[in-house]
Protein chains: 2
Amino acid sequence: VTDAAVYTGRAAVRAGILVTGTEVLTGIISDRNGPWLSEQLLDLGVDAAMIEIVGDRREDLRTALEQMAATGVAVIVTSGGLGPTADDLTAEVVGGFCGREMVLDAALEERIGEIIERALQRWPDADREALRAANRKQAVIPNGATVLEPRGTAPGLVVPPAKGGAGPTVVVLPGPPGELQPMWADAVASDAFRLAIAGATEYRRAIVRLFGIPEAAIANTLRAADAAGLRLRALEITTCLRRGEIEISTRFEPAAEADYDALVEFIATRHGKRLFSRNGSTIDEQVASGFLRAGETIALAESCTGGLLAARLTERPGSSAYVVGGAVVYSDEAKSDLAGVEPSLIAEHGAVSVEVARALAEGARRRFGTSLGVGITGIAGPGGGTPEKPVGLVCFSVVHGAAGAATSSRALTRSRNLPGERAAVRERATTVAMHLIARVLGGEGD
Amino acid sequence: VTDAAVYTGRAAVRAGILVTGTEVLTGIISDRNGPWLSEQLLDLGVDAAMIEIVGDRREDLRTALEQMAATGVAVIVTSGGLGPTADDLTAEVVGGFCGREMVLDAALEERIGEIIERALQRWPDADREALRAANRKQAVIPNGATVLEPRGTAPGLVVPPAKGGAGPTVVVLPGPPGELQPMWADAVASDAFRLAIAGATEYRRAIVRLFGIPEAAIANTLRAADAAGLRLRALEITTCLRRGEIEISTRFEPAAEADYDALVEFIATRHGKRLFSRNGSTIDEQVASGFLRAGETIALAESCTGGLLAARLTERPGSSAYVVGGAVVYSDEAKSDLAGVEPSLIAEHGAVSVEVARALAEGARRRFGTSLGVGITGIAGPGGGTPEKPVGLVCFSVVHGAAGAATSSRALTRSRNLPGERAAVRERATTVAMHLIARVLGGEGD
């Protein structure tokens with residue numbers, strides 16, 4: 001366990017997750033479905049016992065199913081291998097594993113046919129007959145399985161063990177996350193799945209986030225909460241350091257809600273404003289809603305982050321309502337020309353200084369006529385560090401004033417020594433800036 | 001199989017990869033070691049049969065080892081669970097699995113002690129005795145195992161089956177990738193590992209990359225190569241669509257080198273300049289070396305990519321030698337004010353047009369006094385699309401001229417309809433721009 005502390009919980013209904021695909025096994029594509037399914041299962045009170053990745057080989061698929069069943073899991077969820085080509089084997093192997101004959105579902109074949117007809121209208125050159133034949137295969141399913149309607153062309157399946165047979169129920173889902181995720185909701189709603197996980201404990205999950213304290217401080221806080229008599233045993237608490245923020249994710253039974261609330265209050269009392277999110281919202285969401293609520297606008301002048309903060313702010317649809325523009329000012333000349341930083345200021349304090357960060361923020365605000373301005377200048381490394389200004393030193397300024405006004409009315413200007421390599425320093429710097437922006441939007445300022 | 005076509009190869013020595021850690025199993029941390037180890041094994045002629053993730057539970061670890069052994073793998077590689085705390089169980093469970101007694105390695109304990117003493121000099125407040133005791137546990141290893149020197153504090157192990165016993169050799173590595181990767185090289189060099197994979201075929205691996213053709217075209221090319229009599233059976237070819245580029249990764253025995261060379265020539269003849277990398281180099285590497293070789297400089301004016309291209313160009317250490325600066329010009333006013341685009345040009349052609357892209361590129365080049373200028377304007381979505389200018393339409397221009405000269409001497413200006421959602425359109429647009437930059441650096445221009 002490196003940077004996460006996990007309080008493991010009680011025994012629960014267990015499940016296995018089987019990810020198929022040679023391209024995943026050989027590292028060409030990285031799997032996102034296994035961890036996602038594991039989190040979804042946790043929320044249903046089902047513990048994932050293992051996530052296993054195997055290639056598109058019949059024997060390997062069958063062996064994995066049998067070995068998972070041997071560990072006593074109640075459910076196996078598979079992803080991938082539902083396409084129309086010959087190496088897509090999952091439905092057939094699962095049918096055999098569950099002791100069910102493969103049959104053509106004529107109504108399903110027709111529905112898949114309609115999906116293909118619609119697709120053919122966009123690709124008129126495609127070979128219609130070949131496509132229809134390939135997709136007929138996708139309508140051959142284990143007898144008695146529940147069909148999950150396709151989001152692409154591949155249907156999913158919930159396959160219980162054959163009558164009189166023992167063993168897990170298998171949920172069969174396609175590989176693309178955009179198809180798998182909505183079909184998972186259908187699987188969870190099915191009678192066959194509900195029956196398979198009967199007896200699972202009902203859980204809630206809640207997340208709070210902190211910024212600006214070391215992870216060790218949270219371990220101390222949890223120990224103090226325990227010593228103060230809080231019933232932490234009723235809670236499964238996971239703490240995790242993500243992009244410089246601490247995320248505390250807690251799973252608990254409904255009866256322990258008061259214990260959870262007491263823990264959040266305890267954290268709030270000890271850490272004050274460092275606890276920036278009690279409802280799981282991210283800093284990106286808070287900044288976006290802060291801009292929209294207040295009708296503020298923002299402009300940036302970035303040096304070491306090289307456009308990363310602008311890219312992060314404009315990630316969200318609708319961000320053009322408040323992001324007016326930005327400047328990437330890598331050279332000293334660009335800092336003066338685009339953001340109006342006096343060359344004498346750079347000569348006196350150096351390009352990486354809180355003075356220049358402040359001037360960049362003021363210059364960005366003035367030039368774009370916005371209410372907020374942000375300046376960032378620092379040393380991302382690996383070169384460029386000195387004993388006085390080491391790699392990782394980043395200076396930030398966020399200023400605020402009436403849009404169009406020449407002078408700002410408040411500002412937060414800070415310098416930080418950020419750990420890690422070039423990419424980590426740049427990434428972490430955008431997070432620091434997001435928190436300063438949120439605080440200025442909230443009315444703070446020196 | 002969704003966007004990768006895999007030609008599966010012959011039977012080879014097989015291995016299992018076992019990733020341990022509740023924080024990985026529950027999706028809090030995403031595993032990078034499994035896919036990395038799988039690729040490394042492939043290069044040694046060893047096929048990963050499965051990657052399995054289990055939590056920090058003794059029974060689950062032991063069961064996973066036994067089930068992998070039952071599939072006949074020659075080697076199992078584990079990652080994680082080597083720390084000093086009680087839930088770090090891997091060494092002990094592996095020792096039991098291999099039928100070897102756990103013994104204290106006094107020399108190893110001393111070496112770990114020295115590492116801890118050095119660390120203590122940085123954290124003088126730490127509890128020395130508790131640390132020493134916790135780390136003594138890390139020096140207790142299966143009798144007869146080969147020790148891999150620690151990169152953090154945790155030693156790795158190569159553990160053969162006990163004398164007279166059958167079963168796989170187990171390579172035990174720590175979880176942090178920065179420790180695991182150098183220790184993997186030590187493991188591979190050990191006699192115990194070499195013995196375990198004796199009989200594995202020696203392979204080479206090579207990568208070529210194409211840009212600007214649909215993935216189906218590569219499937220056609222491979223079929224044509226087969227029909228033309230190339231010995232594709234001697235090659236294991238994997239094609240994969242990554243960020244809009246097609247990557248063809250091929251594994252082959254040294255004797256098949258001429259067959260591989262023939263395939264690359266075949267691809268080059270059919271696809272010409274679309275084959276932009278014959279040696280596996282990425283477009284980012286090519287652009288960076290192009291700038292450094294030619295002494296060129298670059299400035300950007302980005303609208304829909306919102307700073308992503310500037311961030312991508314400045315990702316590389318040393319990029320400040322050629323990236324002078326950029327402007328993120330989201331609003332029409334910013335396009336005019338920062339990049340000197342005539343408002344009448346926007347009124348006539350619309351902000352998303354090849355004319356405005358060209359003007360942005362010229363404006364960026366002029367304003368920053370660089371030899372190259374880039375302009376990007378488009379509709380990333382989800383809103384803002386029209387029947388004439390749908391979501392995904394992005395216009396690009398890269399211009400080139402003598403630094404400081406008012407007019408450019410050559411330019412590539414293009415528009416593209418990029419597929420996918422907002423994040424995909426923005427990401428793909430930076431890739432298109434990188435390729436246009438590479439072409440202009442190479443002397444192309446309308």
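The values are calculated or read from the model by the stated rules, or taken from the named source; none is laboratory data. All figures in this text were calculated on a predicted structure; none of them were measured in a lab. Ideal geometry is used to build each Cβ from the backbone, glycine not excepted, and the neighbour counts take in all protein chains shown. To get the accessible areas, we keep the full protein, side chains included, count just its heavy atoms, and leave off ligands, DNA and RNA. Shrake-Rupley method; radii C 1.70, N 1.55, O 1.52, S 1.80 Å.
Some observations on this one:
- Residue check: B:SER303 meets all listed conditions (1) hydroxyl-bearing (Ser, Thr, Tyr); (2) farther than 26 Å from B:SER289 by Cβ; (3) surrounded by fewer than 24 Cβ atoms within 10 Å (Cβ to Cβ) but one, namely (3).
- Scanning the stretch B:70-88 turns up no residue that is crowded, with 19+ Cβ neighbours inside 10 Å and more than 30 Å from A:ILE17 (Cβ to Cβ).
- Restricting the stretch B:228-278 to residues that are within 15 Å of A:ILE28 (Cα to Cα) and of a type in the set (D, E, K, R), the residue that is most open to solvent (accessible area, probe 1.4 Å): B:ARG243
- Cβ pairs under 9 Å, 6+ apart, first in the stretch B:250-266 and of a type in the set (Val, Ile, Thr), second open to solvent by 20 Å² or more (accessible area, probe 1.4 Å) and modelled with pLDDT under 95: B:THR250/B:ARG204; B:THR250/B:ARG205; B:THR250/B:ALA206; B:THR250/B:ILE207; B:THR250/B:GLU236; B:THR250/B:THR238; B:VAL264/B:ALA206
- Answer from B:ALA380, B:ALA339, B:ALA361 - the residue that is over 16 Å from A:GLY307 (Cβ atoms) and of a type in the set (A, V, I, L, M, F, W, C): B:ALA361
- All positions within the stretch B:129-175 that are at pLDDT 90 or above and within 14 Å of chain A (Cβ to nearest Cβ): B:LEU173, B:PRO174, B:GLY175
- Count of the stretch B:23-37 residues which are buried (at least 24 other Cβ atoms within 10 Å of the Cβ) and hydroxyl-bearing (Ser, Thr, Tyr): 1
- Condition met for B:ALA310 (in contact (Cβ under 8 Å) with a residue 12 or more places away in the chain and either more than 18 Å from the chain's Cα centre (by Cα) or open to solvent by 40 Å² or more (accessible area, probe 1.4 Å) (or both)): yes
- In the stretch A:179-200, the count of residues that are part of a strand (DSSP E or B) and open to solvent by less than 60 Å² (accessible area, probe 1.4 Å) is zero.
- Within the stretch B:182-230, the set of residues being touching a helix residue (DSSP H, G or I) at 6+ places or on another chain (Cβ under 7 Å), closer than 18 Å to B:LEU42 by Cα and of a type outside the set (Asp, Glu) comprises B:TRP184, B:ALA187, B:PHE193, B:TYR203, B:ARG204, B:ARG205, B:ALA206, B:VAL208.
- Entry remark, the stretch A:279-294: residues being more than 30 Å from A:LEU338 (Cα to Cα) and open to solvent by 60 Å² or more (accessible area, probe 1.4 Å) number 1 in total.
- Counted residues, the stretch A:176-230 - those being of a type in the set (Ser, Thr, Tyr) and modelled with pLDDT of 95 or more: 1
- Subset of the stretch B:379-402 that is within 21 Å of B:VAL440 (Cα to Cα) and touching a helix residue (DSSP H, G or I) at 6+ places or on another chain (Cβ under 8 Å) - its residue that is most open to solvent (accessible area, probe 1.4 Å): B:HIS400
- For the stretch B:141-160, the set of residues classified as in contact with a strand residue (DSSP E or B) (Cβ under 7 Å, 6 or more places away or on another chain), of a type outside the set (A, V, I, L, M, F, W, C) and crowded, with 18+ Cβ neighbours inside 10 Å consists of B:PRO142, B:THR146, B:PRO155, B:GLY156, B:PRO160, listed by residue number.
- Selection status of A:GLU362, open to solvent by 40 Å² or more (accessible area, probe 1.4 Å) and either within 13 Å of another protein chain (Cβ to nearest Cβ) or of a type in the set (Asp, Glu) (or both): no
- Just one of (1) closer than 20 Å to A:ALA364 by Cα; (2) open to solvent by 20 Å² or more (accessible area, probe 1.4 Å); (3) within 34 Å of the chain's Cα centre (by Cα); (4) not small (Gly, Ala, Ser) fails for B:THR297. It is (1).
- Wholly enclosed strands (runs of 3 or more DSSP E) of the stretch A:273-359 bearing at least 3 residues within 14 Å of chain B (Cβ to nearest Cβ): A:298-302, A:323-329
- Matching option when the condition is outside any helix (DSSP H, G or I) and in contact (Cβ under 8 Å) with a residue 40 or more places away in the chain, among A:THR221, A:THR239: A:THR239
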